[in-house]
Amino acid sequence: MSLPPGFLDELRTRLSLGQVVGRKVMWDARKSNQGKGDLWAPCPFHHEKTASFHVDDRKGYYYCFGCHAKGDAISFVRETENVGFMEAVEILAGEAGMPMPERDPRAKEKSDRRTQLAEVMEMAVQHFRLQLKTGAAAEARAYLERRGLDGAAQDRWEIGFAPDAWQGLWDVLKAKGVEDDLILGAGLAKPSQKGGKPYDTFRGRIIFPIRDARGRCTAFGGRAMDPNDNAKYLNSPETELFDKGRSLYNHGPARTAAGKGQPLIVAEGYMDVIALAEHGFGASVAPLGTAITEHQLAMLWRIADEPIIALDGDTAGLRAAMRLIDLALPALEAGKSLRFALMPQGQDPDDLLKAQGAGALQKLLDDAMPMVKLLWQRETEGKNFDSPERKAALDKALRHKIKLIADPSIRQHYGQEIKDLRWALFRPQRAPNGRGGQGRWQPPQTAMPSTKSSALATGNDHVAVHMREAAILAALALTPEVSEEFESGLEGLTCADPDHAVLRDLILRHGYLGAEVLHEKIFSALGPEALDNLLSSRHVAIIPCIRTPGNAEMARMTVAEELAKLSAAKGLDAEIADAVQDLEGVADEGVTWRLSQAAAAAADATRSSKEDNAEYDTGDNGARISRHERDAFSALMDQIKFSKPGR
């Protein structure tokens, strides 16, 4: 069976040789540099103790300095699995998610044709380069020099020129005996719609050859000299050689430079890439006039683990970055991500290099933001989150994006980072209690006083509120997996007790990570005895979910009930405050009636007015509540409330 042209190239592009070989060997951690794709291990083909087997993951080749075995992914599978060539290809294609092509009896013929097309493209390269030296290209040369490209740079990049003639290249190729279908098949000319001779694809343009990773010219990009031309940049049409969505400008040289340790930079256009490379940033590539595709993203990750996306500092550049985020999220893997270096407003990398030099660009690259920060910026910039509904909409949008990430570990880390960013946005101000200032909460330098000496014992005016807050925090500390259901209620807790405030903040930030992680955070922030002191307090120890830790349903019921009572008590305080204010004026029966209603509400907020007629009552959330245990807790709360000094 013959494979269609380009199939093996695509297979090698999609696969990581390091992953293929890694299933058979144990990498030498001291000798290998995974970040650069430089991997060493004992050879799987002969017995040895030293790591003489070398894999160049970026180039896709291996070599053993002991037994001299060498090859690529296909040859490695053939040797290690003892299979034939086609079986090895089938194994690798399955891993890469590529369906095996149907048998093609004309594969040899197509391969020969691709070779012929590549030869025609090289003829065109030479023709365009010669044209750049002629008098007709004086304006084009002047333009390139204004852009900082002298004659030597023009030669390095093989830049050419297509005169404004309908059959300039066509006539030259025909004179060399090239057949019509090869010229048309290479995308160098288009058939006339009026029955005349085919006409050149590129006319009146500066020409940039586009080469694949193997160095073959597969297409051209042309910049119009006429400022009124509808298409400022024009690429070759897709051909048997050229697939725009699977190609990168400067692919081969960038891969080599990245292998030597340079950061991989993704710019928008040819001139940006050339300017970057001329200023020492050789590992620079560009997509070809379109947004980055899934295939191009895979190619970028084959070159480097963290490509830096250097986009223009305008609306279009930002829009392209945001689209790329949506494309990349489902494909993220451990160690594979993107960083974004956004140029100053109205500038591209070429502009920045000319204005401020390589140092300014290097600083932007060093400060490139991780993808999660740009995702957050997209969802929050220019928006107002002054209502619970708007905050909920933000949470929903971010959860939807995070769910796109297939890797569970990365998904968890994204969730934590988003929580931290959300924390900084919604809770920027801290109470002046010595526990951090503007921004996110900072752990205290020393352990806090024990809970027994906190407001639970000294705050006579708000003991009931403190007790209920303690019950809520204790229940969630033991069963943090339910904490996300009560985020809004937790954020509304006043927590006059400083220990309670810290505990509330820790549950909000780390509760979803589980009890073990949360308890470590509590021990670090409040000391090893803080949680035990809270749980052993008399008013907390009698709560059913504390006596049976880990019961999520009971914890959920307790928190919901206590939050509801706190909410009712706050409403009651507001009503009483209004009535007192009214009494300062002319008292009447209406004020007296309101005070009597407030007193009745006070009783209803702390205990049920219904007759006991069963062992369990049904709460507002549908859960079954033990009346005996609930009343025991309410009685204790009433005892504390009505036994204050002076009553």
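The values are calculated or read from the model by the stated rules, or taken from the named source; none is laboratory data. Here the structure is a predicted model, which means the values were calculated and not measured. Neighbour counts are summed over all protein chains in view; Cβ atoms, including those assigned to glycine, are modelled from backbone coordinates with ideal geometry.
Flag: GLN126 matches the condition of being under 24 Å from PHE242 (Cα atoms), surrounded by fewer than 15 Cβ atoms within 10 Å (Cβ to Cβ) and modelled with pLDDT of 95 or more. Do we have ILE210 as of a type in the set (A, V, I, L, M) and touching a Cys at 6+ places or on another chain (Cβ under 8 Å) here? Here the answer is yes, as ILE210 does meet what is asked. In the stretch 194-206, the residues that are closer than 21 Å to LEU182 by Cβ and touching a residue at least 24 places away in the same chain (Cβ under 8 Å) form Cβ pairs under 7 Å with partners that are part of a strand (DSSP E or B) and among the aromatic types (Phe, Trp, Tyr), at six or more places apart or across chains, as follows: PHE202/PHE220. Filtering the stretch 313-345 to residues that are in contact with an Asp or Glu (Cβ under 6 Å, 6 or more places away or on another chain) and basic (Lys, Arg) leaves LYS336, ARG339. I'd like to check something: does the stretch 249-257 contain any residue that is among the aliphatic types (A, V, I, L, M) and either part of a helix (DSSP H, G or I) or in the same structural domain as LEU324 (by TED's automatic domain parsing) (or both)? Yes - at least one qualifying residue is present in the stretch 249-257.
Close Cβ contacts (under 9 Å, 6 or more residues apart or on different chains) running from residues in the stretch 283-306 that are closer than 23 Å to MET271 by Cβ to residues that are aromatic (Phe, Trp, Tyr) and surrounded by fewer than 21 Cβ atoms within 10 Å (Cβ to Cβ) comprise GLY289/TYR233. Within the stretch 258-282, the residues that satisfy the criterion of being over 19 Å from ALA320 (Cβ atoms) and assigned to a helix (DSSP H, G or I) are ALA258, GLY259, ILE274, ALA277, GLU278. LYS232 falls short on exactly one of the conditions (1) out of contact with any strand residue (DSSP E or B) (no Cβ under 6 Å at 6 or more places or on another chain); (2) modelled with pLDDT under 95, and that condition is (1). Where helices (runs of 4 or more DSSP H) sit wholly within the stretch 116-206, those with at least 1 residues that are out of contact with any strand residue (DSSP E or B) (no Cβ under 6 Å at 6 or more places or on another chain) and basic (Lys, Arg) occupy 138-146, 151-156, 168-175.
Yes or no, residue by residue, for (1) more than 13 Å from the chain's Cα centre (by Cα); (2) of a type in the set (D, E, K, R); (3) closer than 23 Å to ILE410 by Cα:
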{"site": "ALA310", "(1), (2), (3)": "yes, no, no"}
{"site": "GLY317", "(1), (2), (3)": "yes, no, no"}
{"site": "GLY335", "(1), (2), (3)": "no, no, yes"}
{"site": "GLY357", "(1), (2), (3)": "yes, no, no"}
{"site": "ARG378", "(1), (2), (3)": "no, yes, yes"}
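Does the stretch 32-47 include one or more residues that are part of a loop (DSSP other than H, G, I, E, B), touching a residue at least 24 places away in the same chain (Cβ under 8 Å) and aromatic (Phe, Trp, Tyr)? Yes: one or more hits. Of the residues screened, ALA406 is not one that is exposed (fewer than 12 other Cβ atoms within 10 Å of the Cβ) and hydrophobic (A, V, I, L, M, F, W, C).
There is at least one residue in the stretch 265-272 that is within 22 Å of the chain's Cα centre (by Cα) and free of Cβ contacts under 8 Å to residues at least 60 places away in the same chain. Residues in the stretch 207-219 that are in a loop (DSSP other than H, G, I, E, B) and out of contact with any Gly (no Cβ under 6 Å at 6 or more places or on another chain) were compared, and the one that is surrounded by the most Cβ atoms within 10 Å (Cβ to Cβ) is ASP212.
Only one of the listed residues (LYS363, LYS373) is assigned to a helix (DSSP H, G or I), basic (Lys, Arg) and in contact (Cβ under 8 Å) with a residue 24 or more places away in the chain. That residue is LYS373.
Just one residue in the set VAL25, VAL55, VAL77 is surrounded by 14 or more Cβ atoms within 10 Å (Cβ to Cβ) and in a helix (DSSP H, G or I); that residue is VAL77. The set of residues in the stretch 302-332 that are modelled with pLDDT under 90 and closer than 24 Å to LYS260 by Cβ comprises ARG302, ILE303, ALA304, ASP305. When the stretch 80-115 is filtered for residues that are assigned to a loop (DSSP other than H, G, I, E, B) and either closer than 24 Å to LEU241 by Cα or modelled with pLDDT of 90 or more (or both), the ones remaining, listed by number, are GLY97, MET98, PRO99, MET100, PRO101, GLU102, ARG103, ASP104, PRO105, ARG106.
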